1. Count, please, the residues in segment 82-138 that happen to be buried (at least 17 other Cβ atoms within 10 Å of the Cβ) and not β-branched (Val, Ile, Thr).
2. Give the residue, chosen from 124, 155, 108, that is out of contact with any helix residue (DSSP H, G or I) (no Cβ under 7 Å at 6 or more places or on another chain) and β-branched (Val, Ile, Thr).
3. Filter segment 101-114 down to the residues that are assigned to a helix (DSSP H, G or I) and not aliphatic (A, V, I, L, M), then identify the one that is nearest to residue 184 (Cα to Cα).
4. When you go through 178, 184 one by one, which is the residue that is out of contact with any Gly (no Cβ under 8 Å at 6 or more places or on another chain) and closer than 15 Å to residue 102 by Cβ?
5. Taking strands (runs of 3 or more DSSP E) that do not extend beyond segment 1-56, which have at least 1 residues that are farther than 17 Å from residue 123 by Cβ, open to solvent by less than 60 Å² (accessible area, probe 1.4 Å) and among the hydrophobic types (A, V, I, L, M, F, W, C)?
6. Between 162, 117, 136, which is part of a helix (DSSP H, G or I) and of a type outside the set (Phe, Trp, Tyr)?
Amino acid sequence: MMKHIYNPPAEASKPTFLLLHGTGGTETDLLPAAGHIDPEAGVLSVRGNVSENGMPRFFKRLSEGVFDMEDLRERTEELHAFIGQAADEYGFDRNNVIALGYSNGANIAANLLFSYEDSLKAAILHHPMVPDRNKELPNLEGTRVFIAAGTNDPICPKEESEDLEKLLSGAGAKVDLHWENQGHQLTMDELVAAKAWYEKG
């Protein structure tokens with residue numbers, strides 16, 4: 001099992017948020033964000049198994065913005081299996097899992113979508129990049145995705161967010177791309193927009 005925090009939903013119909021932190025974060029980082037979006041949802045908040053100079057990550061990178069593709073594939077498989085194990089252990093609905101990821105966490109959440117047809121019911125991705133440009137995406141019909149991006153993001157260029165939207169939409173996902181005039185940080189304005197998107201259903 002990956003290091004994690006689990007809090008059950010207030011009622012069985014509520015989703016479970018899969019919380020995936022950014023580089024150097026921990027499993028506590030996004031708990032306030034999840035609580036803002038839906039305090040009654042369940043939470044499965046995971047710490048990345050990779051250490052980069054002591055900073056937790058979900059997969060290795062060769063340099064800034066250059067992913068170790070083999071490790072990305074292996075870690076995505078590991079995370080996908082872990083979600084299933086956690087659903088069995090805690091009894092939450094595996095088909096009602098919504099990813100909430102930031103930066104490195106958003107990237108591995110995106111790669112779950114790129115790799116598995118039914119990995120996530122929906123995803124909230126803050127400052128993601130395209131995880132794998134050579135991958136043939138599964139059928140994502142019915143999957144809702146919210147992408148929050150910054151027009152001045154030095155780590156995640158504008159084209160990354162736009163290309164990710166096109167690829168996911170091309171696979172059938174319903175994608176909303178939200179822009180803030182900000183850099184790479186996760187802002188309160190983004191969370192307000194994510195909450196409004198989530199509540200639309």
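The values are calculated or read from the model by the stated rules, or taken from the named source; none is laboratory data. As the structure is a prediction and not an experimental result, all values here were calculated from the model. Glycine also receives a Cβ, built like all others from the backbone with ideal geometry; neighbour counts cover every protein chain displayed. With ligands, DNA and RNA removed, areas are computed over all heavy atoms of the protein, side chains included. Shrake-Rupley method; radii C 1.70, N 1.55, O 1.52, S 1.80 Å.
1. So the answer is 33.
2. The unique qualifying residue is 155.
3. Once the filter is applied, the top-ranked residue is 104.
4. Exactly one of 178, 184 is out of contact with any Gly (no Cβ under 8 Å at 6 or more places or on another chain) and closer than 15 Å to residue 102 by Cβ, namely 178.
5. Those strands (runs of 3 or more DSSP E) span 4-7, 50-52.
6. Going through 162, 117, 136 in turn, the sole match is 162.
The rows are residues; the columns are (1) closer than 29 Å to residue 71 by Cβ; (2) at pLDDT below 95; (3) out of contact with any strand residue (DSSP E or B) (no Cβ under 8 Å at 6 or more places or on another chain).
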residue: 130; (1), (2), (3): yes, no, yes
residue: 139; (1), (2), (3): yes, no, yes
residue: 156; (1), (2), (3): yes, yes, no
residue: 168; (1), (2), (3): yes, no, no
residue: 171; (1), (2), (3): yes, no, yes
residue: 193; (1), (2), (3): no, no, no
residue: 198; (1), (2), (3): no, no, no
